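**Q** Input: one structure, supplied below.
The values are calculated or read from the model by the stated rules, or taken from the named source; none is laboratory data. Keep in mind the model is a prediction, meaning the values are calculated, not measured. FYI the Cβ positions are ideal-geometry reconstructions off the backbone, even for glycines, and counts take in every protein chain you see. Protein only, heavy atoms only, side chains kept; ligands, DNA and RNA dropped before computing areas. Shrake-Rupley method; radii C 1.70, N 1.55, O 1.52, S 1.80 Å.
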Amino acid sequence: MLKKDFLWGGAVAANQCEGAYDEDGKGLSIMDIITAGSQDAPRQVTLEIKDDCYYPNHEAIDFYHRYQEDIELFAQMGFKCFRTSIAWTRIFPHGDEDEPNEAGLAFYDRLFKALKAKGIEPVVTISHYEMPLDLVKKYGGWSNRRLIDFYTKYASVLFHRYKGIVRYWMTFNEINSTVKIPMIAGVLIKPGENQKQIAYQALHHQFVASSKAVQLAHEIDPDNKVGCMVMTTVGYPQTSHPLDALAAQEYLRDGTLFFCDVQCRGYYPGYFQNYHIELDITDDDLKDLKAGTVDYIGFSYYSSQVVSHLDGGEKVKGNIVDGLKNPYLQASEWGWQIDPDGLKYLMRILYERYQLPLFIVENGLGYDDQINENGEIIDDYRIDYMRAHIQAMKDIVEQEGIDLMGYTAWGPIDIVSAGTGEMKKRYGMIYVDKDNEGHGSLKRMKKKSFDWYRQVILSNGEIL
Ligand code: BGP
């Protein structure tokens, strides 16, 4: 059996659902200047808003104005928690002001109040790809040490304002994405620059900022639980060649575990020297890392990959990180390989290595859902995906005593895809009438998976 107070729910990010990108004093964030793309055409960063470009996050699904209706639907599904992020630029529109924007704080007062009224616990990501654009332009994003202070101030404002209301926090969404896509952390690499060096320095600043936020959260309210959040890279050796086994081990360690090592243990691991990066680290940084280790490990898991020590092989896509094709697995329309056993594999490693509570804060299937002639969406493929993953998670928790706090399905309502900017890459149990070009009534509609997930939550995972 899963715990009685298991946190079932769904997860979104402010920038992918709220819209209202320039309302109530909100400043521009990096996501506001990224165009729509597709599987084959990457999203573009324009640095200014251009009239001839389409920016899907500007309106997104208009959650900013429709949150009450949406929360009502989440409550019908029986959500125990709802993970969202706070848009940094609603609170500090430019990122470096002295005083926060009251209208922005007031929005989250209303949002959290509406959730609490339905018995839904807010789970808040402090920064989910929502870097203030002015911090990018003026300071170079996280490559600049000054960002630590701006972020810490922002986090402190949140911990004070939502004290007693929000208890579960995560400092940075998928902090490992900084290394793969530095732009997400506001770091724009110029041609000829050493991306690896700059990105790991930016990451170091985030590690320190995260550890300061953890300390602050605990000081302000000892009931606060603060987690890290990592995307996870599960890779199997392509053959029994020992070098493939080592390559797979490094794929997981360097892609995922390194980020947990620093945030859960509070220091850089010995193998970091093999990255050949000279970091600017102060004595105070080292103290902060040690003093601000996280309370739990939040992670996203969607798919797994195959790894070889040789070049070549058939490539497949994944969440931020690509890999090789696995002949034993099916893949989604976007090429992400479907592997519930990979979740067990991952949870074992995370729990055995850190002995900290785990929280699955993203999992789900992106699918181009179609409305049938009866006006319904019969998304059995999504139910199959979620059932298999929830079963895997339940099995491993029950059989091996892993401490798992909860499961939040990614995008319980259709939202803008982070990777491609498409609307048609839908994860929801609730459909939103909007297409890739931004047309549609924004009307919400329940899919078949809505009732299925309601039953899962109601039975605490016993009825799948
Ligand atoms: C993670 C992000 C989310 C999200 C999800 C699905 O990387 O934390 O923001 O969107 O993946 O990815 P996508 O939207 O590209 O399908």
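**Q** Scan E121, E174 and give me the residue that is of a type in the set (D, E) and surrounded by 22 or more Cβ atoms within 10 Å (Cβ to Cβ). Don't jump to the end; show me each part of the working.
**A** Details: E121 fails: surrounded by 22 or more Cβ atoms within 10 Å (Cβ to Cβ).
On inspection, the qualifying residue turns out to be E174.
**Q** Would you check if I71 is more than 16 Å from the ligand (Cβ to nearest atom), open to solvent by less than 20 Å² (accessible area, probe 1.4 Å) and not charged (D, E, K, R)? Break it down into steps so the answer makes sense when it comes.
**A** Working: more than 16 Å from the ligand (Cβ to nearest atom): yes; open to solvent by less than 20 Å² (accessible area, probe 1.4 Å): yes; not charged (D, E, K, R): yes.
Yes: the conditions hold for I71.
**Q** I'm trying to understand the selection: among the residues of the range 1-25, which are open to solvent by 10 Å² or more (accessible area, probe 1.4 Å) and within 13 Å of the chain's Cα centre (by Cα)?
**A** The answer is N15, and nothing else.
**Q** When the range 300-325 is examined, which residues are found to be part of a loop (DSSP other than H, G, I, E, B) and within 16 Å of the ligand (Cβ to nearest atom)? Steps first, please.
**A** Going through the range 300-325, the residues part of a loop (DSSP other than H, G, I, E, B) turn out to be 301-303, 308-314, 317-322, 325.
Selection gives Y301, Y302, S303, K317, G318, N319, I320, V321, D322.
**Q** Next question, about the same structure. Is at least one residue of the range 195-215 among the charged types (D, E, K, R), assigned to a helix (DSSP H, G or I) and either over 27 Å from D283 (Cβ atoms) or open to solvent by 10 Å² or more (accessible area, probe 1.4 Å) (or both)? So that I can check it myself, show each step before the final result.
**A** Residues of the range 195-215 among the charged types (D, E, K, R): 196, 212.
Those still in the list that are assigned to a helix (DSSP H, G or I) too: 196, 212.
Then keep just the ones that are either over 27 Å from D283 (Cβ atoms) or open to solvent by 10 Å² or more (accessible area, probe 1.4 Å) (or both); that gives 196, 212.
Yes.
**Q** Restricting to the range 370-384, name every residue that is buried (at least 19 other Cβ atoms within 10 Å of the Cβ) and farther than 16 Å from G9 by Cα.
**A** Going through the range 370-384, the residues buried (at least 19 other Cβ atoms within 10 Å of the Cβ) turn out to be 377, 379, 382-383.
Within the range 370-384, I377, D379 qualify.
**Q** Check off (1) of a type in the set (A, V, I, L, M, F, W, C); (2) open to solvent by 10 Å² or more (accessible area, probe 1.4 Å); (3) within 16 Å of the ligand (Cβ to nearest atom) for L458 and give me the number that stays unchecked.
**A** Unmet for L458, out of (1) of a type in the set (A, V, I, L, M, F, W, C); (2) open to solvent by 10 Å² or more (accessible area, probe 1.4 Å); (3) within 16 Å of the ligand (Cβ to nearest atom): (3).
**Q** Within the range 363-382, which residues are more than 14 Å from R426 (Cβ to Cβ) and not in a loop (DSSP other than H, G, I, E, B)? Give the steps one after another, and end with the answer.
**A** At the first step, the residues of the range 363-382 found to be more than 14 Å from R426 (Cβ to Cβ) are 363, 372-376, 380.
Listed by number, the list holds a single entry, D380.
**Q** Only one of Y385, Y345 is away from the ligand (no atom under 16 Å from the Cβ), of a type in the set (S, T, Y) and outside any loop (DSSP other than H, G, I, E, B); which? Spell out the reasoning first.
**A** Details: Y385 fails: away from the ligand (no atom under 16 Å from the Cβ).
None of the other options fit; the residue is Y345.
**Q** So, in the range 272-299, of the ones that are among the aliphatic types (A, V, I, L, M) and assigned to a helix (DSSP H, G or I), which residue ends up nearest to L343 (Cα to Cα)? Let's see the steps before the verdict.
**A** Within the range 272-299, the subset among the aliphatic types (A, V, I, L, M) is 277, 279, 281, 286, 289, 291, 294, 297.
After this cut, where a residue has to be assigned to a helix (DSSP H, G or I) as well, the list is 286, 289, 291.
On the way: L286: 32, L289: 28, A291: 30 Å.
Here the residue is L289.
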